[in-house]
1. For the stretch 231-337, which whole percent of the accessible surface, found with a 1.4 angstrom probe, sits on carbon and sulfur atoms?
2. Using a 1.4 angstrom probe, figure out how much accessible area the stretch 240-393 has per residue, in square angstrom, rounded to the nearest whole.
3. Please report, largest first and rounded to whole Å, the three semi-axes of the ellipsoid equivalent to the stretch 207-365, where each semi-axis is the square root of five times an eigenvalue of the C-alpha gyration tensor.
4. With a probe of 1.4 Å, find how much accessible area the stretch 21-165 has per residue, and write the answer as a whole number in Å².
5. If you build the convex hull over the alpha carbons only and average its shadow over all orientations, what do you get for the stretch 53-140? Give it in nm² to one decimal.
6. Run the simple label-point estimate for residue 124 and residue 376 please: 7 Å along Cα→C-beta, distance reported in nm.
7. Thinking of the stretch 274-340 as a set of Cα atoms, what percent of all their pairs are more than 18 Å apart?
8. Using a 7 Å offset from the Cα along the Cα-to-Cβ direction at both residue 144 and residue 112, what is the distance between the two label points in nm, to one decimal?
Amino acid sequence: MTATPVQSGGYTLPEYAFRVPPELSGHGHARYPLVIIGAGLAGLALACDLAERGVPAVVLDDDNTIGVRGASSRGIVYAQKTLEIMDRFGIYDRIRAKGAVWSVGKTLAGHDVVYEFDAGAASASKQSPFINLQQFYLEWFMVDRITEFGLTDLRWQNKVVGYAQHGDHAVIDVETPAGRYALEAGWVCDCSGVNSPVRDALCVPMTQARGIDRWCISDVRFKQKLPIERWTWVEAPFNDNRAVWQHLMADDVWRMDFQMGPETDLDYVSRHDVAADRLRRQLGDDVEFELVWVGPYSYRAQLIEKFRVGRTFFLGDSAHAMSPFGARGGNSGIQDAENLAWKLALVLDGAAPESLLDSYHAERRPAAQFNIMTTRRTARYLQPESPAEKILRDAAISLAKEYPFARNLCNTGRLSNSFIYGKPPSSRAQKHKVHGVDVGEAVQNVELTTPDGRKAALVDLFRGKAAFVGFWSHSPVGMTSEIVKLANASAPLLRMVEIDGKVTGLSTVRDHAGKLARALGAQNKKPVFYLLRPDMHLAARIEQPDARKVKAALRRAMEGDT
(Lines give C-alpha, C1' and ligand atoms only; values in the text may rest on other atoms or scores of the structure.)
Protein backbone atom coordinates (compact mmCIF):
# COMPACT_ATOMS: atom_id res chain seq x y z
CA MET A 1 0.00 0.00 0.00
CA THR A 2 1.52 3.30 -1.08
CA ALA A 3 1.74 6.08 1.49
CA THR A 4 2.67 9.76 1.30
CA PRO A 5 4.42 11.39 4.29
CA VAL A 6 2.41 14.00 6.23
CA GLN A 7 3.53 16.13 9.22
CA SER A 8 1.42 15.67 12.37
CA GLY A 9 2.15 16.43 16.01
CA GLY A 10 5.91 16.76 15.53
CA TYR A 11 6.25 13.55 13.50
CA THR A 12 6.11 12.61 9.84
CA LEU A 13 3.33 10.05 9.40
CA PRO A 14 2.20 8.09 6.33
CA GLU A 15 -0.88 9.25 4.45
CA TYR A 16 -2.71 6.53 2.53
CA ALA A 17 -4.38 7.13 -0.82
CA PHE A 18 -8.14 7.00 -1.18
CA ARG A 19 -9.39 4.38 -3.66
CA VAL A 20 -12.89 4.42 -5.08
CA PRO A 21 -14.76 1.49 -3.47
CA PRO A 22 -15.94 -1.20 -5.89
CA GLU A 23 -19.56 -0.55 -4.82
CA LEU A 24 -19.34 2.88 -6.46
CA SER A 25 -18.08 1.39 -9.72
CA GLY A 26 -20.59 -1.44 -9.86
CA HIS A 27 -18.18 -4.24 -8.92
CA GLY A 28 -18.84 -4.72 -5.20
CA HIS A 29 -19.88 -7.97 -3.55
CA ALA A 30 -23.48 -8.54 -2.58
CA ARG A 31 -22.36 -9.38 0.95
CA TYR A 32 -18.98 -9.54 2.70
CA PRO A 33 -18.38 -12.22 5.35
CA LEU A 34 -16.65 -9.79 7.74
CA VAL A 35 -16.31 -6.00 8.02
CA ILE A 36 -14.19 -4.15 10.60
CA ILE A 37 -15.07 -0.53 11.38
CA GLY A 38 -12.11 1.53 12.58
CA ALA A 39 -8.38 1.23 11.85
CA GLY A 40 -7.04 2.00 15.31
CA LEU A 41 -5.18 -0.42 17.59
CA ALA A 42 -8.07 -2.86 18.04
CA GLY A 43 -9.27 -2.79 14.43
CA LEU A 44 -5.82 -3.22 12.93
CA ALA A 45 -4.90 -5.94 15.43
CA LEU A 46 -8.07 -7.82 14.51
CA ALA A 47 -7.45 -7.44 10.77
CA CYS A 48 -3.82 -8.52 11.19
CA ASP A 49 -4.74 -11.50 13.37
CA LEU A 50 -7.39 -12.67 10.91
CA ALA A 51 -5.05 -12.23 7.93
CA GLU A 52 -2.36 -14.22 9.74
CA ARG A 53 -4.96 -16.99 10.04
CA GLY A 54 -5.87 -16.72 6.35
CA VAL A 55 -9.18 -14.86 6.84
CA PRO A 56 -9.93 -11.83 4.59
CA ALA A 57 -11.80 -8.77 5.86
CA VAL A 58 -12.88 -5.28 4.80
CA VAL A 59 -11.66 -2.44 7.06
CA LEU A 60 -13.37 0.97 6.98
CA ASP A 61 -11.69 4.06 8.45
CA ASP A 62 -12.77 7.68 8.23
CA ASP A 63 -9.20 9.06 8.10
CA ASN A 64 -6.26 8.41 5.76
CA THR A 65 -3.43 8.01 8.24
CA ILE A 66 -2.56 6.24 11.49
CA GLY A 67 -2.80 7.73 14.99
CA VAL A 68 -4.86 10.83 15.69
CA ARG A 69 -4.04 14.01 13.82
CA GLY A 70 -2.45 16.59 16.09
CA ALA A 71 -2.01 14.11 18.96
CA SER A 72 1.54 12.90 19.14
CA SER A 73 2.32 10.03 21.48
CA ARG A 74 -1.08 8.91 22.85
CA GLY A 75 -0.83 5.31 24.11
CA ILE A 76 2.78 4.22 24.50
CA VAL A 77 3.28 1.23 26.85
CA TYR A 78 2.87 -2.25 25.35
CA ALA A 79 2.86 -5.16 27.74
CA GLN A 80 4.33 -8.62 27.29
CA LYS A 81 1.10 -10.34 26.25
CA THR A 82 0.58 -7.75 23.52
CA LEU A 83 4.19 -8.12 22.39
CA GLU A 84 3.73 -11.90 22.15
CA ILE A 85 0.76 -11.29 19.86
CA MET A 86 2.91 -8.99 17.75
CA ASP A 87 5.54 -11.74 17.54
CA ARG A 88 2.94 -14.04 16.00
CA PHE A 89 2.05 -11.27 13.53
CA GLY A 90 5.74 -11.06 12.58
CA ILE A 91 6.40 -7.47 13.66
CA TYR A 92 7.87 -7.85 17.17
CA ASP A 93 11.47 -7.42 16.00
CA ARG A 94 10.51 -4.16 14.33
CA ILE A 95 8.80 -2.95 17.50
CA ARG A 96 11.76 -3.87 19.67
CA ALA A 97 14.22 -2.15 17.33
CA LYS A 98 12.20 1.07 17.31
CA GLY A 99 10.86 1.25 20.86
CA ALA A 100 12.34 1.66 24.34
CA VAL A 101 12.69 -1.68 26.15
CA TRP A 102 12.29 -1.55 29.93
CA SER A 103 11.29 -3.54 32.98
CA VAL A 104 12.10 -1.33 36.02
CA GLY A 105 9.59 1.09 37.49
CA LYS A 106 9.82 3.39 40.52
CA THR A 107 7.27 5.36 42.51
CA LEU A 108 8.56 8.47 44.27
CA ALA A 109 7.22 10.85 46.86
CA GLY A 110 9.38 13.93 46.69
CA HIS A 111 12.95 12.58 46.45
CA ASP A 112 12.17 9.24 48.15
CA VAL A 113 11.59 6.00 46.23
CA VAL A 114 8.62 4.40 48.02
CA TYR A 115 8.00 1.50 45.62
CA GLU A 116 10.10 -0.26 42.98
CA PHE A 117 9.61 -3.26 40.70
CA ASP A 118 11.52 -5.19 38.04
CA ALA A 119 9.04 -7.08 35.85
CA GLY A 120 11.87 -8.91 34.10
CA ALA A 121 12.83 -10.86 37.23
CA ALA A 122 9.88 -13.27 37.03
CA SER A 123 9.51 -13.32 33.24
CA ALA A 124 10.12 -16.50 31.23
CA SER A 125 8.87 -15.09 27.93
CA LYS A 126 10.97 -14.47 24.85
CA GLN A 127 9.37 -11.02 24.78
CA SER A 128 10.34 -8.09 26.97
CA PRO A 129 8.04 -7.20 29.89
CA PHE A 130 7.35 -3.79 28.34
CA ILE A 131 8.25 -1.70 25.31
CA ASN A 132 7.38 1.98 25.05
CA LEU A 133 6.44 3.05 21.53
CA GLN A 134 4.28 5.87 20.28
CA GLN A 135 0.90 4.41 19.30
CA PHE A 136 1.04 5.55 15.69
CA TYR A 137 4.22 3.50 15.12
CA LEU A 138 2.50 0.29 16.24
CA GLU A 139 -0.47 1.07 13.99
CA TRP A 140 1.92 1.86 11.14
CA PHE A 141 3.71 -1.48 11.52
CA MET A 142 0.39 -3.35 11.55
CA VAL A 143 -0.78 -1.59 8.39
CA ASP A 144 2.45 -2.61 6.67
CA ARG A 145 2.03 -6.22 7.81
CA ILE A 146 -1.63 -6.36 6.78
CA THR A 147 -0.57 -5.13 3.35
CA GLU A 148 2.06 -7.87 3.15
CA PHE A 149 -0.54 -10.54 3.92
CA GLY A 150 -2.59 -9.26 0.97
CA LEU A 151 -5.97 -10.49 2.26
CA THR A 152 -7.47 -7.32 3.74
CA ASP A 153 -9.30 -4.56 1.88
CA LEU A 154 -8.20 -1.43 3.76
CA ARG A 155 -10.53 1.41 2.79
CA TRP A 156 -9.30 4.82 3.92
CA GLN A 157 -11.62 7.86 4.04
CA ASN A 158 -14.64 5.57 4.28
CA LYS A 159 -16.78 7.06 7.06
CA VAL A 160 -19.66 5.06 8.54
CA VAL A 161 -22.76 7.30 8.63
CA GLY A 162 -25.50 4.71 9.07
CA TYR A 163 -25.92 1.23 10.50
CA ALA A 164 -28.76 -1.29 10.63
CA GLN A 165 -28.73 -4.90 11.78
CA HIS A 166 -30.93 -7.70 10.46
CA GLY A 167 -31.32 -11.39 11.24
CA ASP A 168 -28.37 -12.74 9.26
CA HIS A 169 -26.47 -9.61 8.22
CA ALA A 170 -25.88 -5.90 8.83
CA VAL A 171 -26.10 -2.99 6.40
CA ILE A 172 -23.46 -0.26 6.66
CA ASP A 173 -23.91 3.15 5.03
CA VAL A 174 -20.57 4.70 4.10
CA GLU A 175 -19.60 8.21 3.00
CA THR A 176 -16.47 8.78 0.87
CA PRO A 177 -14.93 11.61 -1.22
CA ALA A 178 -16.40 9.84 -4.27
CA GLY A 179 -19.93 9.53 -2.88
CA ARG A 180 -22.02 7.34 -0.59
CA TYR A 181 -22.61 3.62 -0.79
CA ALA A 182 -23.96 0.74 1.29
CA LEU A 183 -22.48 -2.67 1.90
CA GLU A 184 -23.77 -5.78 3.60
CA ALA A 185 -21.77 -7.86 6.06
CA GLY A 186 -22.34 -11.24 7.63
CA TRP A 187 -20.43 -10.15 10.75
CA VAL A 188 -19.32 -6.69 11.85
CA CYS A 189 -16.60 -5.79 14.36
CA ASP A 190 -16.93 -2.25 15.66
CA CYS A 191 -13.58 -0.74 16.62
CA SER A 192 -14.55 2.87 15.95
CA GLY A 193 -13.78 4.23 19.42
CA VAL A 194 -15.45 5.97 22.34
CA ASN A 195 -17.90 7.84 20.10
CA SER A 196 -19.01 4.75 18.19
CA PRO A 197 -21.83 5.42 15.70
CA VAL A 198 -22.57 1.69 15.61
CA ARG A 199 -23.09 1.50 19.36
CA ASP A 200 -25.39 4.51 19.17
CA ALA A 201 -27.36 3.07 16.25
CA LEU A 202 -27.99 -0.17 18.16
CA CYS A 203 -28.77 1.71 21.40
CA VAL A 204 -26.46 -0.51 23.44
CA PRO A 205 -26.74 0.35 27.17
CA MET A 206 -23.55 1.76 28.68
CA THR A 207 -22.35 2.98 32.06
CA GLN A 208 -19.86 5.83 32.18
CA ALA A 209 -18.09 8.22 34.53
CA ARG A 210 -15.71 11.10 33.87
CA GLY A 211 -12.43 11.57 35.74
CA ILE A 212 -12.08 14.73 37.80
CA ASP A 213 -8.38 15.44 37.30
CA ARG A 214 -6.63 16.94 34.29
CA TRP A 215 -3.22 16.20 32.77
CA CYS A 216 -0.84 17.77 30.32
CA ILE A 217 1.63 15.76 28.23
CA SER A 218 4.99 17.10 27.13
CA ASP A 219 6.92 15.00 24.60
CA VAL A 220 10.54 16.09 24.99
CA ARG A 221 14.02 15.36 23.66
CA PHE A 222 16.80 15.99 26.18
CA LYS A 223 20.50 16.47 25.51
CA GLN A 224 21.35 14.63 28.75
CA LYS A 225 20.63 10.91 29.16
CA LEU A 226 18.05 9.82 31.76
CA PRO A 227 17.63 6.29 33.18
CA ILE A 228 15.49 4.07 30.91
CA GLU A 229 13.01 3.42 33.68
CA ARG A 230 9.39 4.32 34.35
CA TRP A 231 9.28 6.90 37.14
CA THR A 232 6.10 8.08 38.83
CA TRP A 233 5.97 10.88 41.36
CA VAL A 234 2.90 10.67 43.57
CA GLU A 235 3.91 14.03 44.97
CA ALA A 236 6.33 16.03 42.81
CA PRO A 237 7.69 19.17 44.50
CA PHE A 238 8.34 20.66 41.05
CA ASN A 239 4.65 20.23 40.11
CA ASP A 240 2.92 21.72 43.16
CA ASN A 241 3.03 18.29 44.84
CA ARG A 242 0.89 16.77 42.12
CA ALA A 243 1.71 13.61 40.20
CA VAL A 244 4.16 13.26 37.29
CA TRP A 245 4.96 10.32 34.99
CA GLN A 246 8.28 10.07 33.17
CA HIS A 247 9.29 7.43 30.63
CA LEU A 248 11.19 7.07 27.35
CA MET A 249 9.66 6.33 23.93
CA ALA A 250 11.06 5.87 20.44
CA ASP A 251 13.21 8.52 18.72
CA ASP A 252 14.79 9.51 22.10
CA VAL A 253 11.55 11.26 23.05
CA TRP A 254 10.53 11.33 26.70
CA ARG A 255 6.87 11.31 27.64
CA MET A 256 6.27 13.60 30.63
CA ASP A 257 2.73 13.62 32.04
CA PHE A 258 2.01 16.43 34.52
CA GLN A 259 -1.10 16.29 36.68
CA MET A 260 -2.97 19.60 36.75
CA GLY A 261 -5.59 20.94 39.11
CA PRO A 262 -9.27 20.09 38.43
CA GLU A 263 -10.06 23.69 37.40
CA THR A 264 -6.96 24.14 35.23
CA ASP A 265 -7.16 26.24 32.06
CA LEU A 266 -6.02 23.54 29.61
CA ASP A 267 -5.20 26.02 26.85
CA TYR A 268 -2.86 27.90 29.18
CA VAL A 269 -0.98 24.87 30.55
CA SER A 270 -0.51 23.57 26.97
CA ARG A 271 1.41 26.64 25.86
CA HIS A 272 5.01 25.75 24.99
CA ASP A 273 6.45 28.45 27.22
CA VAL A 274 4.44 27.20 30.20
CA ALA A 275 5.41 23.59 29.46
CA ALA A 276 9.06 24.66 29.24
CA ASP A 277 8.85 26.32 32.66
CA ARG A 278 7.51 23.07 34.16
CA LEU A 279 10.45 21.12 32.73
CA ARG A 280 12.99 23.62 34.07
CA ARG A 281 11.45 23.39 37.53
CA GLN A 282 11.91 19.64 37.33
CA LEU A 283 15.40 19.38 35.82
CA GLY A 284 17.03 22.77 36.38
CA ASP A 285 17.39 26.02 34.47
CA ASP A 286 20.40 24.79 32.51
CA VAL A 287 18.72 21.68 31.05
CA GLU A 288 18.75 21.58 27.24
CA PHE A 289 15.65 20.16 25.60
CA GLU A 290 13.40 20.26 22.54
CA LEU A 291 9.62 20.21 22.95
CA VAL A 292 8.23 17.85 20.32
CA TRP A 293 4.57 18.11 21.25
CA VAL A 294 2.41 19.38 24.11
CA GLY A 295 -1.21 18.47 24.72
CA PRO A 296 -3.77 18.20 27.55
CA TYR A 297 -6.04 15.27 28.31
CA SER A 298 -8.75 14.14 30.65
CA TYR A 299 -10.35 10.72 30.67
CA ARG A 300 -13.55 8.83 31.25
CA ALA A 301 -14.49 5.30 32.14
CA GLN A 302 -17.25 3.60 30.20
CA LEU A 303 -18.41 0.03 29.70
CA ILE A 304 -21.13 -1.32 27.46
CA GLU A 305 -23.53 -3.97 28.69
CA LYS A 306 -23.06 -6.40 25.79
CA PHE A 307 -19.88 -7.00 23.80
CA ARG A 308 -21.88 -8.95 21.23
CA VAL A 309 -25.22 -7.75 19.89
CA GLY A 310 -26.53 -10.07 17.19
CA ARG A 311 -24.12 -9.92 14.23
CA THR A 312 -22.07 -7.12 15.81
CA PHE A 313 -19.06 -7.28 18.14
CA PHE A 314 -17.59 -4.34 20.06
CA LEU A 315 -13.84 -4.10 20.67
CA GLY A 316 -11.45 -1.62 22.24
CA ASP A 317 -12.77 1.83 23.12
CA SER A 318 -16.11 1.06 21.46
CA ALA A 319 -16.69 -1.47 24.24
CA HIS A 320 -14.75 0.02 27.12
CA ALA A 321 -12.74 3.11 28.00
CA MET A 322 -10.63 3.76 31.06
CA SER A 323 -7.96 6.06 32.41
CA PRO A 324 -4.47 5.53 30.94
CA PHE A 325 -2.95 4.49 34.29
CA GLY A 326 -1.45 1.03 34.01
CA ALA A 327 -1.45 1.03 30.19
CA ARG A 328 -4.60 -1.08 30.13
CA GLY A 329 -6.56 0.68 27.37
CA GLY A 330 -4.63 -0.07 24.19
CA ASN A 331 -3.33 -3.42 25.46
CA SER A 332 -6.86 -4.47 26.38
CA GLY A 333 -8.18 -3.54 22.93
CA ILE A 334 -5.48 -5.62 21.23
CA GLN A 335 -6.27 -8.55 23.52
CA ASP A 336 -9.99 -8.13 22.67
CA ALA A 337 -8.96 -8.63 19.05
CA GLU A 338 -6.88 -11.72 19.80
CA ASN A 339 -9.71 -13.27 21.79
CA LEU A 340 -12.22 -12.77 18.98
CA ALA A 341 -10.02 -13.45 15.93
CA TRP A 342 -9.46 -17.19 16.40
CA LYS A 343 -13.12 -17.72 17.24
CA LEU A 344 -14.30 -15.90 14.11
CA ALA A 345 -11.75 -17.82 12.04
CA LEU A 346 -13.08 -21.17 13.26
CA VAL A 347 -16.73 -20.20 12.82
CA LEU A 348 -16.22 -18.74 9.33
CA ASP A 349 -14.36 -21.91 8.37
CA GLY A 350 -17.28 -24.02 9.59
CA ALA A 351 -15.06 -25.79 12.14
CA ALA A 352 -16.85 -24.45 15.24
CA PRO A 353 -20.46 -23.62 16.12
CA GLU A 354 -21.62 -20.00 16.33
CA SER A 355 -22.09 -20.51 20.07
CA LEU A 356 -18.29 -20.15 20.39
CA LEU A 357 -18.71 -16.45 19.59
CA ASP A 358 -20.77 -15.89 22.74
CA SER A 359 -17.66 -16.59 24.79
CA TYR A 360 -16.16 -13.32 23.52
CA HIS A 361 -18.56 -11.33 25.70
CA ALA A 362 -18.30 -13.84 28.56
CA GLU A 363 -14.51 -13.49 28.67
CA ARG A 364 -13.68 -9.96 27.62
CA ARG A 365 -16.32 -8.03 29.56
CA PRO A 366 -15.03 -9.30 32.94
CA ALA A 367 -11.53 -8.40 31.74
CA ALA A 368 -12.72 -4.86 30.99
CA GLN A 369 -14.44 -4.63 34.38
CA PHE A 370 -11.23 -5.65 36.11
CA ASN A 371 -9.15 -3.16 34.13
CA ILE A 372 -11.56 -0.30 34.85
CA MET A 373 -11.58 -1.18 38.54
CA THR A 374 -7.76 -1.27 38.62
CA THR A 375 -7.26 2.00 36.75
CA ARG A 376 -9.87 3.72 38.88
CA ARG A 377 -8.00 2.57 41.97
CA THR A 378 -4.81 4.19 40.66
CA ALA A 379 -6.65 7.36 39.64
CA ARG A 380 -8.08 7.77 43.15
CA TYR A 381 -4.63 7.21 44.63
CA LEU A 382 -3.14 9.95 42.46
CA GLN A 383 -6.14 12.25 42.97
CA PRO A 384 -7.85 11.42 46.30
CA GLU A 385 -11.57 12.11 46.15
CA SER A 386 -12.03 12.88 49.84
CA PRO A 387 -10.00 14.07 52.84
CA ALA A 388 -10.11 10.52 54.24
CA GLU A 389 -8.55 9.09 51.06
CA LYS A 390 -5.82 11.74 51.22
CA ILE A 391 -5.06 10.82 54.85
CA LEU A 392 -4.79 7.13 53.93
CA ARG A 393 -2.47 7.90 51.01
CA ASP A 394 -0.24 10.10 53.18
CA ALA A 395 -0.06 7.33 55.77
CA ALA A 396 0.92 4.74 53.16
CA ILE A 397 3.68 6.97 51.78
CA SER A 398 4.99 7.73 55.27
CA LEU A 399 5.10 4.03 56.20
CA ALA A 400 6.66 3.02 52.87
CA LYS A 401 9.63 5.31 53.45
CA GLU A 402 10.60 3.22 56.48
CA TYR A 403 8.85 -0.18 56.32
CA PRO A 404 9.05 -2.59 53.35
CA PHE A 405 5.61 -4.12 54.03
CA ALA A 406 3.91 -0.83 53.14
CA ARG A 407 5.65 -0.27 49.81
CA ASN A 408 3.19 -2.26 47.71
CA LEU A 409 0.51 0.18 48.89
CA CYS A 410 2.31 2.79 46.79
CA ASN A 411 2.20 0.79 43.56
CA THR A 412 0.84 3.32 41.06
CA GLY A 413 1.61 1.18 38.04
CA ARG A 414 -0.44 -2.03 38.28
CA LEU A 415 0.49 -2.51 34.66
CA SER A 416 -1.45 -4.47 32.08
CA ASN A 417 -1.24 -8.24 31.99
CA SER A 418 -3.32 -11.05 30.55
CA PHE A 419 -6.64 -11.85 32.18
CA ILE A 420 -7.57 -15.27 33.62
CA TYR A 421 -10.72 -16.35 31.83
CA GLY A 422 -13.41 -18.16 33.76
CA LYS A 423 -12.35 -16.81 37.15
CA PRO A 424 -13.54 -13.73 39.05
CA PRO A 425 -11.02 -10.87 39.14
CA SER A 426 -10.49 -11.28 42.89
CA SER A 427 -8.96 -14.72 42.32
CA ARG A 428 -6.10 -13.38 40.22
CA ALA A 429 -3.85 -13.04 43.24
CA GLN A 430 -4.38 -16.70 44.12
CA LYS A 431 -2.88 -18.31 41.00
CA HIS A 432 -0.93 -21.50 41.49
CA LYS A 433 2.78 -20.98 42.03
CA VAL A 434 3.78 -24.65 42.22
CA HIS A 435 1.49 -26.21 39.65
CA GLY A 436 1.96 -23.77 36.77
CA VAL A 437 -0.80 -21.70 35.20
CA ASP A 438 -4.48 -21.89 36.02
CA VAL A 439 -7.00 -23.04 33.44
CA GLY A 440 -8.03 -19.82 31.68
CA GLU A 441 -4.63 -18.16 32.19
CA ALA A 442 -2.22 -17.25 29.40
CA VAL A 443 1.02 -19.21 29.06
CA GLN A 444 4.11 -17.08 28.44
CA ASN A 445 5.87 -17.33 25.09
CA VAL A 446 8.80 -19.38 26.34
CA GLU A 447 11.76 -20.28 24.14
CA LEU A 448 12.02 -23.87 22.87
CA THR A 449 14.25 -25.95 20.63
CA THR A 450 13.18 -28.09 17.70
CA PRO A 451 14.44 -31.70 17.49
CA ASP A 452 17.06 -30.62 14.93
CA GLY A 453 18.43 -27.98 17.32
CA ARG A 454 16.86 -24.81 15.88
CA LYS A 455 15.62 -22.12 18.26
CA ALA A 456 11.87 -21.64 18.41
CA ALA A 457 9.22 -20.27 20.76
CA LEU A 458 5.80 -21.34 21.93
CA VAL A 459 4.06 -18.81 19.69
CA ASP A 460 5.60 -20.49 16.62
CA LEU A 461 3.31 -23.48 17.19
CA PHE A 462 0.26 -21.23 16.73
CA ARG A 463 1.15 -19.46 13.49
CA GLY A 464 -1.24 -19.70 10.56
CA LYS A 465 -4.78 -21.06 10.62
CA ALA A 466 -6.51 -21.31 13.96
CA ALA A 467 -5.59 -24.52 15.77
CA PHE A 468 -5.32 -25.76 19.32
CA VAL A 469 -2.10 -27.27 20.61
CA GLY A 470 -2.09 -30.21 22.96
CA PHE A 471 1.04 -30.97 24.99
CA TRP A 472 1.80 -34.39 26.34
CA SER A 473 4.11 -34.53 29.32
CA HIS A 474 5.32 -38.02 30.33
CA SER A 475 2.97 -39.90 28.02
CA PRO A 476 1.05 -42.74 29.67
CA VAL A 477 2.58 -46.19 29.30
CA GLY A 478 0.66 -48.27 26.81
CA MET A 479 -1.12 -45.27 25.20
CA THR A 480 1.34 -44.65 22.37
CA SER A 481 -0.87 -45.96 19.58
CA GLU A 482 -3.96 -44.26 21.04
CA ILE A 483 -2.17 -40.90 21.23
CA VAL A 484 -0.97 -41.12 17.63
CA LYS A 485 -4.43 -42.18 16.45
CA LEU A 486 -6.01 -39.26 18.31
CA ALA A 487 -3.43 -36.86 16.87
CA ASN A 488 -4.13 -37.99 13.31
CA ALA A 489 -7.89 -37.81 13.80
CA SER A 490 -7.72 -34.32 15.35
CA ALA A 491 -5.45 -32.65 12.79
CA PRO A 492 -5.32 -29.88 11.71
CA LEU A 493 -7.69 -28.50 14.35
CA LEU A 494 -5.60 -29.94 17.18
CA ARG A 495 -1.85 -30.21 16.90
CA MET A 496 -0.35 -32.76 19.29
CA VAL A 497 3.13 -32.07 20.65
CA GLU A 498 5.18 -34.04 23.15
CA ILE A 499 7.61 -32.31 25.49
CA ASP A 500 11.00 -34.04 25.25
CA GLY A 501 9.18 -37.23 24.31
CA LYS A 502 9.87 -40.20 22.10
CA VAL A 503 6.43 -41.19 20.84
CA THR A 504 6.87 -42.02 17.16
CA GLY A 505 4.35 -40.11 15.07
CA LEU A 506 4.02 -37.05 17.32
CA SER A 507 5.64 -33.63 16.97
CA THR A 508 8.26 -32.97 19.62
CA VAL A 509 9.74 -29.87 21.20
CA ARG A 510 12.88 -29.80 23.33
CA ASP A 511 12.57 -27.94 26.58
CA HIS A 512 16.21 -28.01 27.66
CA ALA A 513 15.90 -25.03 29.99
CA GLY A 514 12.69 -26.40 31.52
CA LYS A 515 10.81 -23.13 30.93
CA LEU A 516 7.80 -24.72 29.25
CA ALA A 517 7.57 -27.45 31.89
CA ARG A 518 7.62 -24.82 34.64
CA ALA A 519 5.09 -22.64 32.82
CA LEU A 520 2.68 -25.55 32.41
CA GLY A 521 3.43 -27.12 35.77
CA ALA A 522 4.87 -30.33 34.29
CA GLN A 523 7.32 -30.83 37.11
CA ASN A 524 6.53 -34.38 38.16
CA LYS A 525 6.62 -37.67 36.29
CA LYS A 526 2.86 -38.19 36.12
CA PRO A 527 1.21 -38.22 32.67
CA VAL A 528 -0.53 -34.89 32.03
CA PHE A 529 -2.18 -33.41 28.94
CA TYR A 530 -2.37 -29.63 28.47
CA LEU A 531 -4.72 -28.06 25.92
CA LEU A 532 -3.76 -24.55 24.79
CA ARG A 533 -6.15 -22.32 22.85
CA PRO A 534 -4.99 -20.35 19.80
CA ASP A 535 -4.55 -17.29 22.04
CA MET A 536 -2.20 -19.35 24.27
CA HIS A 537 -4.64 -19.45 27.19
CA LEU A 538 -4.81 -22.82 28.92
CA ALA A 539 -8.11 -24.53 28.06
CA ALA A 540 -7.58 -27.73 30.05
CA ARG A 541 -5.15 -29.64 32.25
CA ILE A 542 -5.89 -33.37 32.36
CA GLU A 543 -4.09 -35.70 34.71
CA GLN A 544 -4.09 -39.42 33.82
CA PRO A 545 -5.41 -38.50 30.36
CA ASP A 546 -7.07 -40.73 27.82
CA ALA A 547 -8.61 -40.13 24.40
CA ARG A 548 -12.12 -39.63 25.77
CA LYS A 549 -11.02 -36.91 28.20
CA VAL A 550 -8.97 -35.12 25.52
CA LYS A 551 -11.85 -35.15 23.04
CA ALA A 552 -14.22 -33.81 25.69
CA ALA A 553 -11.81 -30.98 26.57
CA LEU A 554 -11.45 -30.01 22.91
CA ARG A 555 -15.21 -30.05 22.45
CA ARG A 556 -15.72 -27.76 25.45
CA ALA A 557 -13.07 -25.36 24.15
CA MET A 558 -14.74 -25.29 20.73
CA GLU A 559 -18.04 -24.42 22.37
CA GLY A 560 -16.43 -21.62 24.38
CA ASP A 561 -16.49 -23.37 27.76
CA THR A 562 -13.11 -23.55 29.54
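The values are calculated or read from the model by the stated rules, or taken from the named source; none is laboratory data. Since the model is a prediction, treat every value here as computed from it, not as a measurement. Positions of Cβ are generated from backbone atoms using ideal geometry, with glycine treated the same way; all protein chains shown enter the neighbour counts. Note: accessible area is taken over every heavy atom of the protein model, side chains too, but ligands, DNA and RNA are not part of it. Shrake-Rupley method; radii C 1.70, N 1.55, O 1.52, S 1.80 Å.
1. Heavy-atom surface of the stretch 231-337 belonging to carbon and sulfur, 1.4 Å probe: 42 percent.
2. 38
3. They are 41, 18, 12 Å, listed largest first.
4. So the stretch 21-165 comes to 33 Å² accessible per residue, rounded to a whole number.
5. 8.5
6. It works out to 3.5 nm between the two label points.
7. For the stretch 274-340, the fraction of Cα-Cα distances above 18 Å is 57 percent.
8. 4.7
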